[in-house]
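Please read the structure below before turning to the comments.
The values are calculated or read from the model by the stated rules, or taken from the named source; none is laboratory data. Every value quoted in this text rests on a predicted model; they were computed, and no experiment measured them. Note: ideal-geometry Cβ built from the backbone for every residue, glycine included; neighbour counts use all protein chains shown. The protein model used for the area step is the full one, side chains on, heavy atoms only, and it has no ligands, DNA or RNA in it. Shrake-Rupley method; radii C 1.70, N 1.55, O 1.52, S 1.80 Å.
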Amino acid sequence: MIRQIFKTSTWHPTEREWLRAANTLSEPERERISQFMYKRDAKQSMAGRLMMRSCFAQLSGETPESFHLSRDESGKPYIVDPSPSLSSLSFNVSHAGDYAAFAASTTAKIGVDVMKVELRRNTSVQQFFSHMKRQFTDFEWQKIRSPATDRGKLVNFYRHWCLKESYVKAIGTGLKFGLQRIQFDLGDLENGICKSTTVSVDGVLDLNWKFEEIFQDNHFVTIAMGNVEFSPEDRASVKLLNFSDLVVSEDPLSDKFYFASFDEKKELP
């Protein structure tokens, strides 16, 4: 099982780094990334694609740039004509705020989500919660609202929301799945990590699902793993990657305009 994160906000790619990264991708992938208005979004998308291709290469022995990727009707990427070593691979990528995250397994259903704990401008916590009322059970709302401070409430909200997103990504339904059918009972975060949260679906506890939650730099990263046979204590920690982990090839894309068009963008709105 592979679980990785990459901090995109502190990655300020040089021309050579960006072109080396771009040379690993297909032309449609490069074109899609070039359409983003801001550097932040382009870097997140680039990192996600690089993590996918790096994982596929690691598991198959092929080169990262050799894979043909497409998207299904829901927009989820998949490998076209995968080799036998990748035919049973479940993988998922997410990015938000400062991080991109990736998770993959050949034996378990898997989903990953990233959430930055933040409140939209000119919106109170109560106003924000009122728009999300139908997404959580009464039990979950009681837990979300239990802290004395608005900050504590917001942290609990995003923790629950990240768990729900990771679960529906893993089962492949997205938010079409009725979110009130899913109820989480939170474990304790210890040093920013929790591996003991449980889920009930339609009121029935489902112990076939394990969740790994990381709270780091005001972000939640949550990985949902279905049909895993090992205990949470047996799992290694999520790996924080750097650029050298993502790109192996030293050969840059020859089109230097591709970097120039990226470099002229603003970092954020």
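A few points about this structure:
- Base-10 log of normalised Debye intensity for region 44-131 (one unit scatterer per alpha-carbon) at q = 0.17, 0.18, 0.20, 0.23 Å⁻¹: -0.75, -0.82, -0.95, -1.18
- Most mobile listed residue (Met37, Met51, Met115) in the chain, GNM with C-alpha springs under 10 Å: Met37
- Taking every Cα-Cα distance in region 140-261 and sorting them into 5 Å bins from zero, the calculated P(r) comes out as 2, 9, 17, 19, 16, 11, 8, 7, 5, 4, 2, 0 percent.
- Antiparallel bridges, percent of DSSP beta bridges restricted to the chain (to nearest 5): 95
- Region 5-96: chymotrypsin sites (Phe, Trp or Tyr not before Pro) falling in loop per DSSP and having at most 13 other Cβ within 10 Å: Tyr38
- As an equivalent ellipsoid, region 103-170 spans semi-axes of 26, 13, 11 angstrom, where each value is the square root of five times an eigenvalue of the C-alpha gyration tensor, largest first.
- Computed over protein heavy atoms with a 1.4 Å probe, the accessible surface of the chain works out to 51 Å² per residue.
- The spacing between region 124-167 and region 235-269, judged by their C-alpha centroids, is 34 Å.
- A 1.4 Å probe, protein heavy atoms only, puts the accessible area of Val201 near 30 Å².
- Simple spin-label estimate for Thr10 and Gln216 in nanometres, 7 Å along Cα-Cβ: 1.0
- Taking only the C-alpha atoms of region 52-94, the Rg (one decimal) and the largest Cα-Cα distance, Dmax (whole number), read 10.0, 29 Å.
- Region 1-82, accessible surface, carbon-and-sulfur percent (1.4 angstrom probe): 46
- Think of it as helices only: each DSSP H run of n ≥ 4 in the chain is worth -39500 (n - 2.57), and spread over all residues that comes to -9500 deg cm²/dmol at 222 nm.
- ³J(HN,Hα), Karplus 6.51/-1.76/1.60, whole Hz, each residue of region 87-103, x for Gly, Pro: 5, 9, 6, 9, 9, 7, 10, 8, 8, 6, x, 9, 10, 10, 9, 9, 9
- Other residues lying with their Cβ under 12 Å from the Cβ of Phe243 contribute a combined charge of +2, Lys and Arg counting +1, Asp and Glu -1.
- For region 183-223, the relative contact order works out to 32 percent when only alpha carbon pairs closer than 8 Å and six or more residues apart are counted.
- Top of Lys195, Lys116, Lys143 by mean-square fluctuation, Gaussian network on the chain, Cα under 10 Å: Lys143
- The loop-placed GluC sites (Glu not before Pro) in region 77-172, going by DSSP, that have at most 12 neighbouring Cβ atoms within 10 Å of their Cβ come out as Glu118.
- Theoretical gain in end-to-end length, Asp138 to Asp150 [0.36 nm per residue, Cα-Cα removed]: 2.5 nm
- The chain, relative contact order in percent, only Cα pairs under 8 angstrom and at least six apart counted: 26
- Once the Cα gyration tensor of region 1-73 is diagonalised, semi-axes √(5λ) in Å: 20, 15, 13
- Arg71-Ser254 pseudo-label distance in nm [points 7 Å out on the Cα-to-Cβ vector]: 2.9
- Extension gain, Gln58 back to Tyr38 (0.36 nm per residue minus Cα-Cα distance, nm): 4.1 nm
- Probe 1.4 Å - accessible area at Arg181, Å² to nearest ten: 100
- Distance between the 7 Å Cα→Cβ label points at Leu207 and Gln127: 4.6 nm.
- Restraint check, Lys109/Lys256; Lys76/Lys133; Lys39/Lys109, Cα-Cα greater than 29 Å: Lys109/Lys256; Lys39/Lys109
- Rounded to the nearest angstrom and listed largest first, the equivalent-ellipsoid semi-axes of region 166-218 from its Cα gyration tensor are 21, 14, 9.
- Shape metrics for region 13-164, restricted to C-alpha atoms - Rg then Dmax, Å: 18.9, 53
- For region 1-88, the relative contact order works out to 23 percent when only alpha carbon pairs closer than 8 Å and six or more residues apart are counted.
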